[in-house]
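Single-structure report; data block below.
The values are calculated or read from the model by the stated rules, or taken from the named source; none is laboratory data. Quick caveat, the model's predicted, so the values are computed rather than measured. Here Cβ is always computed from backbone atoms with ideal geometry, including for glycine, and neighbour counts include all displayed protein chains. The accessibility values were calculated without ligands, DNA or RNA, using every heavy atom of the protein model including side chains. Shrake-Rupley method; radii C 1.70, N 1.55, O 1.52, S 1.80 Å.
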Amino acid sequence: MRRSAFLIIALLSVLAVWGGSCSKEKEDFTATTEQNVAPTPGTAANHKPNMAAGSIRGRVILRGEAPRPQKLMVVKDTDVCGLEAQYDERLVVGKNLGIRDAVVYLTGVKGGKPLSSLGSEFVLDQQGCRYQPHVLLIPVNTPLQILNADGILHNFHTFTKKNRPLNLSQPEFLKKMEVAFKYPEFIPARCDVHGWMSGWIVAVDQPYYAVTDIDGNFSLDDVPPGAYVLNCWQERLGEQTAPVTVEPGSAISSTFTFSL
Ligand SMILES: [Cu+2]
């Protein structure tokens, strides 16, 4: 009798643990689903989303066929730079002809979320003799940390029209440098030591900017209702614009199509 009572208690304990883990899974699943269906506008932790705001989502795509990735010749520091094959990142076409590293931005927005909603820490790494990321957004007058994960000599050289041009040597022992940009500008960056290294710093004075992901997707959230111009820039393909009207609480979609 005492043995069967023990067995029943043991069985109930197992069921309780099993039931607990099931409902946990269910909770997690529900949370993920809600997140996917109804994304919260605005990303800054300290920013209260404006419930009347709208959002713009879309893609930047290439018409026709994706070009073959162009392999770069690594002719220097091959023990660090040549560990992986290097490809020209000035035009990277992913799934369904989506274009990576296009910059999509709104002009004409008054008010809305703060510039700080773009983030609080901005890092450009030099890893495998590539700039990572290839295109980086940074608010004006904000420190940009330039890291040297490679531990070899690099040179950070910017080609600017509004900002002060930079030409900074970063020897192997200098793991971090810090710079800032005073004016909004699309700024090419190069390394004079490794001629194939190229990237872009996009200094911005308003937060309605996004860089497309590997599949060409972008999203701009927490946009105050109004009529604006949506701009799309790609370093090789140029710039396009489209008028957009954001209604309160609406989500609109927009696609930019470029040709080579
Ligand atoms: Cu370099």
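For this structure, a couple of remarks:
- When each of the peptides 244-251, 223-230 is scored by the mean number of other C-beta atoms lying within 10 Å of its residues, the order from highest to lowest reads 223-230, 244-251.
- Within the range 61-170: Cβ-based charge dipole about Cα centre, in debye rounded to nearest 20 (Lys, Arg +1; Asp, Glu -1): 640
- Stokes-Einstein translational diffusion, the range 104-152 - Kirkwood Rh over all Cα pairs, 1.567 mPa s, 4 °C, in µm²/s: 101
- Spin-label zone in the range 115-158 - amide nitrogen under 15 Å from a point set 7 Å from the Cα of Glu172 along the C-beta vector: 128-129, 148-155
- Residue ranking by accessible heavy-atom surface, 1.4 Å probe, largest first, among Ser259, Ser120, Ser55 comes out as Ser120, Ser259, Ser55.
- Under a model in which nothing but the beta-carbon of Lys, Arg (+1) and Asp, Glu (-1) is charged, the range 54-258 shows a dipole of about 420 debye around its Cα centre.
- Stokes-Einstein diffusion coefficient of the range 54-258, Kirkwood radius over Cα pairs, 25 °C, 0.890 mPa s, in µm²/s: 136
- Extension gain for the segment Ala242 to Ser116, taken as residue separation times 0.36 nm less the Cα-Cα distance, is 42.8 nm to one decimal.
- For the range 166-189 and the range 51-94, distance of Cα centres in Å: 22
- The range 54-258: antiparallel DSSP beta bridges as a percent of all, rounded to 5: 75
- Taking trypsin sites (Lys or Arg not before Pro) across the range 47-149, the ones in a DSSP loop with at most 15 further Cβ atoms lying within 10 angstrom of their Cβ are Arg63, Lys76, Arg90, Lys110.
- Distance in nm between pseudo-label sites at Arg90 and Ile252 (7 Å out along the Cβ direction from Cα): 3.4
- FRET E, pair Asp79, Leu260, Förster distance 30 Å, beta-carbon r, rounded to 0.05: 0.30
- Surface accessible to a 1.4 Å probe, Ile201 within the full protein complex, Å²: 0
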